[in-house]
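The values are calculated or read from the model by the stated rules, or taken from the named source; none is laboratory data. Bear in mind the structure is a predicted one, so any value in this text is a computation, not a measurement. Here the Cβ positions follow ideal geometry from the backbone for every residue, glycine too, while neighbour counts run over all protein chains shown. For the accessible areas, the whole protein counts, side chains as well, though only heavy atoms, and no ligand, DNA or RNA atoms are used. Shrake-Rupley method; radii C 1.70, N 1.55, O 1.52, S 1.80 Å.
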Amino acid sequence: MYGDPRTIRRILTELGDTWAVVGLSNNEQRAAHGVAEVLQRYGKRIVPVHPKAETVHGEQGYPSLDAIPFPVDVVDVFVNSELAGSVADEAVSVGAKAVWFQLGVVDEKAWDRVRDAGLEMVMDRCPAIEIPRLG
């Protein structure tokens, strides 16, 4: 329900290759670390967004979406559902084209706000699982 195949394909192939990964740090035990690596392997530029603003996978990190000094196409959200809505709102305000909530991250009100703002959105899915399926 929160990610039809056409929307998933459009986000992964048509909306741009700069992905802000919110929650990405150098902690290799976190899912964001591995997913960001997969995104890079498939040609995406990842932008780590974490309060520590660490450089991850060779890419400069930033403490927030609004601190990134260039446009981002997709905001990939690795925070818990209670915090995800505010990240989605920030994604809208910085002009992202799409928001992607990771597996287990669900906020139906955020879904409505993002879609009402004209952005594409996928929720409770993982791009590292979906991108290899594109063929």
### Task
Could you give me the residue pairs with C-beta distances under 7 Å whose first residue belongs to the range 55-84 and is within 18 Å of residue 100 (Cβ to Cβ) and of a type in the set (Phe, Trp, Tyr), whose second residue is open to solvent by 20 Å² or more (accessible area, probe 1.4 Å) and outside any loop (DSSP other than H, G, I, E, B) wherever it lies, and which are 6+ apart or on separate chains?
78/31
### Message
Looking at 99, 105 in this structure, which one is assigned to a loop (DSSP other than H, G, I, E, B) and without any contact (Cβ under 8 Å) to a residue 40 or more places away in the chain?
### Response
105
### Message
One residue is enough: does the range 22-38 have a residue meeting the conditions of a type in the set (Asp, Glu) and free of Cβ contacts under 8 Å to residues at least 12 places away in the same chain?
### Response
yes
### Query
Among the strands (runs of 3 or more DSSP E) contained in the range 1-85, which hold 1 or more residues that are more than 19 Å from residue 104 (Cα to Cα) and open to solvent by 80 Å² or more (accessible area, probe 1.4 Å)?
45-49
